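**Q** Attaching a single structure in structure tokens format; questions to follow.
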Amino acid sequence: MAMLAPSVLSANFAHLEQDCRDALEGGAKLLHYDVMDGHFVPNISFGIPVLKSIHKAMPDAFFDVHLMITDPIDYVHAFADAGASLINFHVESNSDAQKTLDAIKAEGCKTGMTIKPATPAEEVFPYLDQLDLVLVMSVEPGFGGQKFMADMLDKVRALAAERERRGLNFLIEIDGGINEHTGAQATAAGVDILVAGSTAFAVPDVKAACQTLSNL
Ligand code: DX5
Ligand code: ZN
């Protein structure tokens, strides 16, 4: 069974706190927070002040922050300060990967590196011993509601094999197009954390949807 990280991107922002509470009551273990800058990806979502508000309302929740931004290193401190528990940044971003990891660790946050669909899993291999999590994108980052790319599961298997080979402990997370069917496929391939946006929040009953997705 994988842990569920509902993506706040698909929540109703008019009642964000209630949606997040319903998701956690439904069994979600983390809240996935998608930050988009309109530059690294062709969309803009939300940023530091919104995280600060939800963190203040729910100080015990685990905030898994996914930075889809060109220069993540410049914003590590601000997101950590706003309440990020873990900071995920893209290996394809402009920031130096080692310096960004050092900055995240210096803030006391957990570390995550993310790979886009066209990026081989091997790109993060040099950093695996410093990572708490690797995030495999199963859609092109930028928008919720896209179709799951099943061939990304090969990268999940490669990461799981490398983790085993080196005796490491990082978690493998997958993001994009997760529903009951694709979530079960991902779990079978070795995924530890399922991110789900539209199937967790863009539904009539958030708690019930999260209960279902938490049991995959
Ligand atoms: C995509 C984001 C995802 C997205 C997932 O750029 O990183 O977290 O919200 O949404 P669904 O689950 O609808 O594909
Ligand atoms: Zn995401």
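**Q** Being part of a helix (DSSP H, G or I) and within 14 Å of ligand 2 (Cβ to nearest atom) is the filter here, so list the residues in the range 187-215 that pass it.
**A** Filtering the range 187-215 down to residues part of a helix (DSSP H, G or I) leaves 187-189, 198-201, 206-214.
Selection gives Ser198, Thr199, Ala200, Phe201.
**Q** Being touching a Gly at 6+ places or on another chain (Cβ under 9 Å) and without any contact (Cβ under 8 Å) to a residue 40 or more places away in the chain narrows it down to one of Gly167, Gly190, Gly177, Gly197, so name that one.
**A** Gly177 is the lone residue from the list that is touching a Gly at 6+ places or on another chain (Cβ under 9 Å) and without any contact (Cβ under 8 Å) to a residue 40 or more places away in the chain.
**Q** Looking only at residues that are aliphatic (A, V, I, L, M) and closer than 18 Å to Leu67 by Cβ in the range 134-191, which one is most open to solvent (accessible area, probe 1.4 Å)? Walk me through it before giving the result.
**A** So in the range 134-191, the residues aliphatic (A, V, I, L, M) come out as 134-137, 139, 149-150, 152-153, 156, 158-161, 168, 171-172, 174, 178, 184, 186, 188-189, 191.
Then drop every residue that is not closer than 18 Å to Leu67 by Cβ, which leaves 134-137, 139, 171, 174.
Details: Val134: 0, Leu135: 0, Val136: 0, Met137: 5, Val139: 7, Leu171: 59, Ile174: 0 Å².
Per the stated criteria, the residue is Leu171.
**Q** OK, next. Go through (1) assigned to a loop (DSSP other than H, G, I, E, B); (2) surrounded by fewer than 21 Cβ atoms within 10 Å (Cβ to Cβ) one by one and return the number of the condition Ala28 breaks.
**A** (2)
Here's the yes/no breakdown for (1) among the acidic types (Asp, Glu); (2) crowded, with 16+ Cβ neighbours inside 10 Å; (3) within 20 Å of Ala208 (Cβ to Cβ); (4) more than 14 Å from ligand 1 (Cβ to nearest atom):
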position	(1), (2), (3), (4)
Ala23	no, yes, yes, no
His32	no, yes, yes, no
Met36	no, yes, no, no
Pro42	no, no, no, no
Val65	no, yes, no, no
Ala84	no, yes, no, yes
Val91	no, yes, no, yes
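**Q** Can you tell me which condition Arg157 does not meet? The list is (1) part of a loop (DSSP other than H, G, I, E, B); (2) basic (Lys, Arg); (3) more than 16 Å from ligand 1 (Cβ to nearest atom), and all the others hold.
**A** Only one criterion in (1) part of a loop (DSSP other than H, G, I, E, B); (2) basic (Lys, Arg); (3) more than 16 Å from ligand 1 (Cβ to nearest atom) is unmet by Arg157, namely (1).
**Q** If you don't mind, another one. Within the range 14-45, which residues are under 25 Å from Tyr75 (Cβ atoms) and among the charged types (D, E, K, R)?
**A** Matches in the range 14-45: Glu17, Asp19, Lys29, Asp34, Asp37.
The values are calculated or read from the model by the stated rules, or taken from the named source; none is laboratory data. This is a predicted model, so every value here is computed, not measured. Here Cβ is always computed from backbone atoms with ideal geometry, including for glycine, and neighbour counts include all displayed protein chains. To get the accessible areas, we keep the full protein, side chains included, count just its heavy atoms, and leave off ligands, DNA and RNA. Shrake-Rupley method; radii C 1.70, N 1.55, O 1.52, S 1.80 Å.
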